[in-house]
1. Convert each backbone phi in segment 44-55 into a coupling constant with the Karplus relation 6.51 cos²θ - 1.76 cosθ + 1.60 (shift: θ = phi - 60°), then list the ³J(HN,Hα) values in order as whole Hz, x for Gly and Pro.
2. Would you be so kind as to identify which of 26, 196, 169 lies farthest towards the positive end of the dipole of the chain, taking Lys and Arg as +1 and Asp and Glu as -1 on Cβ and the Cα centre as origin?
3. Over segment 1-99, with the other protein chains present, what is the accessible area per residue in square angstrom, probe 1.4 angstrom?
4. Excluding same-chain pairs closer than 8 in sequence, count the lysine pairs in segment 1-127 whose Cα atoms lie under 30 Å apart.
5. So, with +1 on the Cβ of K and R and -1 on the Cβ of D and E, and no other charges, what is the size of the charge dipole of the chain about its Cα centre, to the nearest 20 debye?
6. What FRET efficiency comes out for residue 168 versus residue 146 if R0 is 22 angstrom and r is the Cβ-Cβ distance? Round to the nearest 0.05.
7. Distance in nm between label sites at residue 58 and residue 97, each 7 Å beyond Cα in the beta-carbon direction?
Amino acid sequence: MDIQLDIVALIPARSGSKGVKDKNILALDGHPLIGYAAIAARQSELINEVYVTTDSEEYRCVSKKYGALAPFLRPTEISGDLSTDKEFFFHFIEWCREVRGKIPDMIVHLRPSTPLRNFNKIDRAIQKLIDNSEASALRSCQETELTPYKMFFENDGYMNPFMIDPTCVESYNQPRQIFPKTYLPNGYVDIIRPKVLLDTNLLHGTKILL
């Protein structure tokens, strides 16, 4: 890189999970899940700082033990079951503006629920986004055999296709192989450009690398 970019990692870890209680600090081989995310981010050669956004003082203390910065507690109103990723990103970006004095060029989103990461893969993802200046974000994905062209949703007791290919009659009854490949985000690493979020109100924009 000719210009040093300001790249930070952000690890979200709210405490109110209903599915698995305190899942973000569950132990795996003696270490909490949040610790694995922090360590992988700290090993990166391209990430400058590692932050945790959490509503829990306990999670905050655990994060600091693994070298992450946790300088604030996330407000309760954006830490509920229905809160969105975009809300805590906006909160973090505003904190960066006010406290760091600058907004990062990129934020690397690392979920604790995907603990076994290779930092080299994180750096390759970052570099890929750096090298593609027109891309608005990057999301790690895996190819899936499931395709929305063959899926339905229920409305008033009837099945309605999610997607219809106008070139095919009953496209949902056609062989899966004729449709475009489909990909499912896997949570390994996502990277956003804060400027895109601020300018468009879209977390990942419209040109997402995989």
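1. Computed from phi, the couplings for segment 44-55 are 4, 8, 10, 8, 7, 9, 10, 10, 10, 10, 9, 9 Hz.
2. The Cα lying farthest towards the positive end belongs to 26.
3. Values: 5170 Å² over 99 residues.
Here the per-residue accessible area is 52 Å².
4. Taking the Cα cut-off of 30 Å, the pair count is 20.
5. Values: 25 positive and 27 negative charges, 99 e Å.
Dipole of the chain, to the nearest 20 debye: 480 debye.
6. Values: r = 18 Å, r/R0 = 0.82.
The value I calculate is 0.75.
7. 3.4
The values are calculated or read from the model by the stated rules, or taken from the named source; none is laboratory data. What you see is a predicted model; the values in this text were computed from it and never measured. Backbone-built Cβ (ideal geometry, glycine too); neighbour counts: all protein chains shown. Note: accessible area is taken over every heavy atom of the protein model, side chains too, but ligands, DNA and RNA are not part of it. Shrake-Rupley method; radii C 1.70, N 1.55, O 1.52, S 1.80 Å.
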